[in-house]
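The values are calculated or read from the model by the stated rules, or taken from the named source; none is laboratory data. All figures in this text were calculated on a predicted structure; none of them were measured in a lab. Please note: Cβ atoms are built from the backbone with ideal geometry, for glycine as well, and neighbour counts cover all protein chains shown. Surface accessibility is based on the protein's heavy atoms, side chains included, excluding ligands, DNA and RNA. Shrake-Rupley method; radii C 1.70, N 1.55, O 1.52, S 1.80 Å.
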Amino acid sequence: GRGGGGSRLRRQLESGGFAAGEYVKQLSQQSDGDRDLQEHRQRIQALSEETAQSLKRNVYQNYRQFIETAREISYLESEMYQLSHILTEQKGIMEAVTQALLLQADRDDPALGARRAAAADPFLPLSGKDAAANEEGRQRTLTTLLEKVEGCRDLLPESPGKYLVYNGDLVEYDADHMAQIQRVHAFLMNDCLLVATALPNRRGAYRYDALYPLDGLAVVNVKDNPPMKDMFKLLMFPESRIFQAENAKIKKEWLEVLEETKRNRALSEKRRLEQEALPRPAPTPPESTNPFDEDEDEEEEDEPSAEEEVVDLSLEWIQELPEDLDVCIAQRDFEGAVDLLDKLNEYLADKPVSQPVKELRAKVDERVRQLTDVLVFELSPDRSLRGGPRATRRAVSQLIRLGQSTKACELFLKNRAAAVQTAIRQLRIEGATLLYIHKLCHVFFTSLLETAREFETDFAGNNGCYSAFVVWARSSMRMFVDAFSKQVFDSKESLSTAAECVKVAKEHCKQLSEIGLDLTFIIHALLVKDIKGALQSYKDIIIEATKHRNSEEMWRKMNLMTPEALGKLREEMRSCGVGNFDQYTGDDCWVNLSYTVVAFTKQTMAFLEEALKLYFPELHMVLLESLVEIILVAVQHVDYSLRCEQDPEKKAFIRQNASFLYETVLPVVEKRFEEGVGKPAKQLQDLRNASRLMRVNPESTTSVV
């Protein structure tokens with residue numbers, strides 16, 4: 001019956017036309033009384049909790065599927081990168097073979113080669129058949145077109161060998177929202193790509209927008225997704241731009257011409273390096289009739305020439321190194337990229353620094369900056385922090401290999417600080433304070449221990465970074481203590497709860513000694529102010545309670561009424577360290593002590609036990625002064641009562657309570673303090689000696705101060 005009612009209630013609440021106000025009004029009219037409304041409320045509450053649990057299960061299941069899907073997408077993306085790289089290599093090999101065959105045909109028939117060169121270049125004048133006319137026509141065409149672009153003269157100076165390959169109108173789109181941005185005109189030269197924007201009200205005139213060297217430019221085809229079609233993307237790390245051609249044919253021409261021009265650029269660069277790598281013939285000295293010239297020539301032959309040793313940069317892996325680095329960075333193969341850099345540095349270690357080497361270094365340094373930026377982003381707190389310290393090992397190790405251990409250390413510690421702070425913020429403050437502190441200590445000190453171990457693994461050979469870790473650990477400990485104090489001390493918890501919480505924190509802190517890290521002194525220094533405040537606050541509470549009991553003191557014996565109550569009091573006194581309490585018990589359930597003195601004893605010993613749990617050397621004087629101040633309240637009250645009481649029977653009873661206080665309670669306090677602290681307290685000894693003098697001369701008018 002209850003299950004059926006729950007199903008009806010669920011259907012009613014889930015209906016599209018459900019009106020809460022009408023529902024409550026109808027329910028109030030139909031209910032028999034308060035109990036019926038309470039039962040209906042419980043059913044709604046149970047349904048709400050069931051719905052919440054169902055939502056949690058669905059969210060968890062969807063989250064797991066999302067993680068698995070993301071992992072599969074990552075694998076697929078990596079495979080697509082590899083496949084793209086393989087296809088690019090195959091295409092390059094085929095085109096290199098075609099180029100070699102064409103070159104061989106040109107050597108066999110020079111006239112055929114000249115005709116092919118003239119037909120391949122749309123900007124070559126029809127009358128230019130020889131090399132000089134070809135070069136002159138290309139330069140003239142480039143100059144004519146660039147005169148129409150404002151602001152590019154200084155950025156694109158005319159140089160021999162630079163010529164225009166292709167140009168045309170394009171439309172640029174936003175890469176994120178695919179919204180049209182502007183119309184542009186692109187000029188493709190044999191070594192760079194110039195992008196210009198159209199000037200309003202001036203037909204055929206443009207303004208300079210951007211210039212991209214072909215060495216760092218990548219072209220990617222964008223799949224048609226109507227109405228977005230005929231698009232391609234240009235990648236220039238770290239930015240990218242999307243352009244749309246007029247139709248599919250022009251888009252295909254742009255893609256083919258860009259790839260062909262990049263390939264020709266790479267081949268010409270390779271030939272130039274090979275030409276520079278060839279040994280240069282020694283110049284033939286002019287004939288001289290001077291008989292001393294022969295001696296000078298012999299001396300010059302003895303001096304080593306700076307150009308005799310030429311660095312061979314024609315190796316295939318060196319020629320392909322910049323592109324291989326781009327591929328490694330795109331595929332997130334950081335280890336492969338650093339391996340290539342190490343290989344190059346090892347090869348060039350004992351080689352002279354010639355101009356070709358400087359140019360190669362400039363290209364490689366640009367890739368190193370790109371790789372460093374990617375690794376820095378991997379370690380930024382914006383990335384996911386769920387992987388723990390080990391998730392940063394890959395990026396950290398590669399930064400260290402790149403010679404940037406200081407930056408790696410700084411980024412690693414920032415990443416871990418953000419992770420620890422996030423973990424603390426995600427803790428739910430619920431239930432008892434001690435339970436929350438257990439969770440807080442477990443999360444913080446476990447994270448600190450894992451970070452320390454990972455730091456020791458990653459920076460084992462960098463001793464200079466350890467001081468940075470100690471500074472970071474102190475900063476993290478301050479963040480932990482802020483959260484700890486806010487929950488324990490700011491919420492005015494009892495001293496016993498505060499003592500247990502501090503004890504838990506100290507025990508977790510000792511775990512760091514497993515790796516040789518002791519931060520106990522730091523947690524003491526950060527907590528000393530709050531603990532002092534807690535001790536003084538609780539001392540004031542005890543003094544106020546003692547004074548209140550003293551004001552109502554009648555100096556009567558205690559009657560506990562039942563043997564069980566008497567037995568319980570004996571056990572409490574035994575736990576306080578009072579072993580001779582039986583001598584103060586009388587017949588039946590009577591105790592030959594005042595309720596005020598007994599309550600004071602229990603409260604003082606409880607304060608001392610909790611304070612000793614919080615004790616460390618910086619708290620010695622605060623604890624000792626608080627104890628003396630508490631004891632003086634009771635001692636002065638007994639002293640005053642002895643001097644003022646006139647009834648002999650009551651005076652004898654007061655003297656018996658004074659004897660218990662001076663001969664039993666004070667020695668127990670003194671002994672327990674010495675056990676907990678490790679050294680005797682002179683102030684407590686002086687207080688006990690003063691009370692002994694008072695007992696020797698009870699009629700003295702001198703009070704204990």
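Taking label positions 7 Å along the Cα-Cβ direction at both residue 255 and residue 442, the computed distance is 5.6 nm, reported to one decimal. Derived scalar couplings between HN and Hα for the stretch 336-348 equal x, 5, 5, 4, 5, 5, 4, 4, 5, 4, 5, 5, 8 Hz in order, rounded to whole Hz, by the Karplus curve 6.51 cos²θ - 1.76 cosθ + 1.60 (θ = phi - 60°), x for Gly and Pro.
Across the stretch 410-422, rounded Karplus estimates of 3J(HN,Hα) from the backbone phi angles (6.51 cos²θ - 1.76 cosθ + 1.60, θ = phi - 60°) give 4, 5, 4, 5, 5, 4, 6, 4, 5, 5, 5, 5, 5 Hz, Gly and Pro being marked x. Residues whose amide H falls under 5 Å from that of residue 164, counting only those 5 or more places apart or on a different chain, are 142, with hydrogens built in the peptide plane. On the principal axes of its alpha-carbon atoms, the stretch 317-527 has extents of 76, 29, 22 Å, going from largest to smallest.
Which loop-located trypsin sites (Lys or Arg not before Pro) does the stretch 523-632 contain, where loop means any DSSP state but H, G, I, E or B and the Cβ has at most 16 other Cβ atoms within 10 Å?
Details: sites: 529, 532, 539, 547, 549, 556, 557, 568, 570, 574, 602, 613; in loops: 556.
In loop regions of the stretch 523-632 (DSSP not H, G, I, E or B), the sparsely surrounded trypsin sites (Lys or Arg not before Pro) are 556.
Against the criterion of solvent-accessible heavy-atom surface with a 1.4 angstrom probe, 185, 85, 548 sort, most first, into 548, 85, 185.
Amide H to amide H, with H built 1.01 Å from N, residue 519 comes under 5 Å of no residue 5 or more places away or on another chain. In order along the stretch 622-633, phi translates into HN-Hα couplings of 5, 5, 5, 5, 5, 4, 4, 5, 5, 5, 4, 4 Hz, rounded to whole numbers, per the Karplus curve 6.51 cos²θ - 1.76 cosθ + 1.60 with θ = phi - 60° and x for Gly and Pro.
Shown are 215, 587, whose ranking by accessible area with a 1.4 Å probe and every protein chain present, most to least, is 587, 215.
Near the amide H of residue 593, within less than 5 Å, lie the amide hydrogens of 558, all on another chain or at least 5 residues away, with H placed in the peptide plane.
Taking N as the residue count of the stretch 213-263, its C-alpha radius of gyration divided by 2.2 N^0.38 Å amounts to 1.13.
Find the relative contact order for the stretch 570-637 and round it to a whole percent, using C-alpha pairs within less than 8 Å whose residues are 6+ positions apart. Walk me through the numbers before you get to the answer.
On the way: 23 pairs, mean separation 17.8, N = 68.
Taking the mean separation of contacting Cα pairs over the length of the stretch 570-637, I get 26 percent.
If you sort 561, 477, 80 by accessible surface, 1.4 Å probe, largest first, the order is 561, 80, 477. Shown for the stretch 546-695: lysine pairs separated by 8 or more places, or found on different chains, whose C-alpha atoms are under 24 Å apart, numbering 21.
Placing a pseudo-label 7 Å from each Cα along the Cα-to-Cβ vector at residue 414 and residue 35 gives an inter-label distance of 6.7 nm. Kirkwood radius for the stretch 546-695, taken over all pairs of different Cα atoms as the inverse mean of 1/r, rounds to 16.1 Å.
Label zone of residue 171 (point 7 Å out along Cα→Cβ, amide N under 11 Å): in the stretch 228-261 this covers 228-231, 244-247. Taking a straight Cα-Cα cut-off under 21 Å and skipping sequence neighbours fewer than 8 places away in the same chain, the lysines within cross-link reach of residue 249 are 91, 223, 229, 233, 262.
Given Cα pairs under 8 Å that are at least 6 residues apart, what percent is the relative contact order of the stretch 317-527? Please report the intermediate quantities before stating the final value.
Details: 141 pairs, mean separation 36.6, N = 211.
Contact order relative to length: 17 percent.
Sparse packing (at most 11 other Cβ atoms within 10 Å of the Cβ) combined with a DSSP loop state is found for the following GluC sites (Glu not before Pro) in the stretch 403-480: 430.
The residues of the stretch 1-98 present an accessible area of 85 Å² per residue when probed at 1.4 Å with all protein chains retained.
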